[in-house]
Amino acid sequence: MKLLRFILAVSLPLMARGQVVFTRDIAPLIHSRCAGCHHDGGDAPFPLLTAADAQKRVRQIVEVTAAGDMPPWLPMGTDGQFANERRLSAAEKELLRQWLADGAPEGDPSLLPPMPEFSHEWQCGAPDLIVEMPTPFLIPADGPAIYRNFVIPLPHGAPQYVTAVEVRPSSRAVHHAFVRAEKASATMVADAADAAPGYAGMASFGPGALPAADAFALPSVQREAYRRLLPEGRKSPPEMLPGTAGALGAWVPGFKVPPLPADTAHRLPEGSHLVLSLRMVPIGKPQHERTRIGLHFARQPPAREIIPVPLNTFRIVLPAGSRAEEARAKFVTPVPLSVLSLWPHAHQLATMLEVIAHVPGAEPRRILDIREWDFDQQQPYTFREPQQFPAGTRFELCVRYNNSSTNPANPTVPARTVRFGESLRDEMALVILQTTLPNPTDRPSLNLALAASRDRMFSGLLTGLLEGPPSPPP
Ligand code: HEC
């Protein structure tokens, strides 16, 4: 066995530096790529800082890094297009594997780099305003995962322009969190109607605005839902997806708040409140969750406002047992757009999610490429530098689903036909592009195109859901 290891080591370029040791080779990697979450008080369940920490789990470390499960990061590609990208390179994975093959030696202690330090202060400095869940929510010791929304009022006269939002859950039972700004009162009514703090589900239209997905199969129900969402004489609601359109902040373990470009901010519509959505998974001891949210405001109206551009479809029909059904959505921008970040969202049957930008006269460019969707790890992805797209660019979203029992994440086994819906038993296909306009006078043209896109999507409510699988893209 020793001989085999020796031969392996000889055959590798690493041989040049001899045996792979913790202090010189592994510590710099683990300190920079793992310890940010894996330290005492960090977001991961155990520390990975010292040789002993890493030796204890070396097999598991090699397994999870080889499989791409750690560090957690869904998009493919290692070209660093996204801020805070975490995917390990092939060489880094190989280094860990070789350390195991060499017997995971510690090495010369004098080569150990200084221990990294971790701050648990607010990431963007002291927030201008800190708000929190009005009352704690009791997460039981065990039981199924809980998805719940909490209305968090903002003080009267709070400033309108937000430059950063940091979400800080109080317990380890929280797996991911989203914050949006909203004016609709439906969420407040729902929160009040339910005795416990918050309300259940994922209702971004306001609970009850859409019927349960099963009922969607009936045209009369579809028509009624459509009618209820629309004011007189309109083809689509004035504020399509009021929830998601106001996407402000997120949290997953280790999440770093991406800074906005200079002189850019989200505008909070006057009189809005925050809605915090939490996915919570019991951890064996009851927890009183009370998430805090820190907001930073612009001192004056910024030059550029964030404009959310949703790629979204209601045409999702996934027959029971189907393994590769797809849903597609697109948006063609009539004006140049600067794309800051991508916020993907789907539920537990999704397996693949991608966004392709078709720039006129250029090769299609895959700007988001997730080959193994994981509901728990969803988070926004922010480009290091905002990406510029000319007028006429077509953004296409494609989500693939596995609605069979071969999908371990399938919440309903045996499988049933699944349609669009906001319950976790239903599915969604949504990516919000957070954009700004290089040329602010283009706003009316963009607004018109967004309204037309909403109208098309809503007419899908009437026509799309009965036709079987979604039609191929035009
Ligand atoms: C962004 C935060 C984050 C980073 C960075 C990170 N981890 Fe983790 N890690 C976690 C969390 C959270 C868990 C617990 C996972 C769970 O409970 O599902 C975990 C679990 C693990 C586990 C246990 C896996 C299991 O199946 O129980 C191993 C091993 C691990 N991490 C290794 C690493 C290594 C090695 C690195 C660096 C190369 C790394 N992690 C980087 C957050 C992180």
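Bear in mind that the values in this text are calculations on the coordinates, not laboratory data. From a predicted model like this one, the values you see are computed outputs, not experimental measurements. Glycine also receives a Cβ, built like all others from the backbone with ideal geometry; neighbour counts cover every protein chain displayed.
Net length available on complete extension from GLN123 to ALA362 is 82.1 nm, with 0.36 nm assigned per residue and the Cα-Cα distance removed. Counting 0.36 nm for each residue step from MET115 to LYS56 and taking away their Cα separation leaves a gain of 19.4 nm. For the stretch 306-463, the convex hull drawn through the C-alpha positions has a volume of 113 cubic angstrom per residue. Among the GluC sites (Glu not before Pro) found in the stretch 65-130, those both in a DSSP coil and sparsely packed, with 12 or fewer other Cβ atoms within 10 Å of their Cβ, are GLU117, GLU121.
Phi angles of the stretch 32-40 translate, via the Karplus equation with coefficients 6.51, -1.76, 1.60 and θ = phi - 60°, into HN-Hα couplings of 8, 10, 10, 5, x, 9, 8, 8, 4 Hz per residue; Gly and Pro are given as x.
The value given for the stretch 263-351 is a Kirkwood hydrodynamic radius of 18.2 Å, derived from the mean inverse Cα-Cα separation. At full extension, SER445 and GLU385 could sit 19.1 nm farther apart than now, given 0.36 nm per residue minus the alpha carbon distance. Couplings 3J(HN,Hα) for the stretch 273-285, derived from phi with the Karplus relation 6.51 cos²θ - 1.76 cosθ + 1.60 (θ = phi - 60°), are 10, 9, 10, 9, 10, 10, 9, 10, 10, x, 10, x, 9 Hz, where x marks Gly and Pro.
Long-range amide H contacts for VAL418: which residues qualify at under 5 Å (H placed 1.01 Å from N, peptide plane, sequence gap of 5 or more or a different chain)? Answer set, sorted by chain and number: LEU318, ALA320. For the stretch 14-101, the square roots of the Cα gyration tensor eigenvalues, ordered a ≥ b ≥ c, give a/c of at least 1.5 with a/b no greater than b/c, which places it in the oblate category. Computed 3J(HN,Hα) for the stretch 411-423, one whole-Hz value per residue from the Karplus formula 6.51 cos²θ - 1.76 cosθ + 1.60 where θ = phi - 60°, is x, 10, 10, x, 5, 10, 5, 10, 10, 4, x, 9, 6, glycine and proline marked x.
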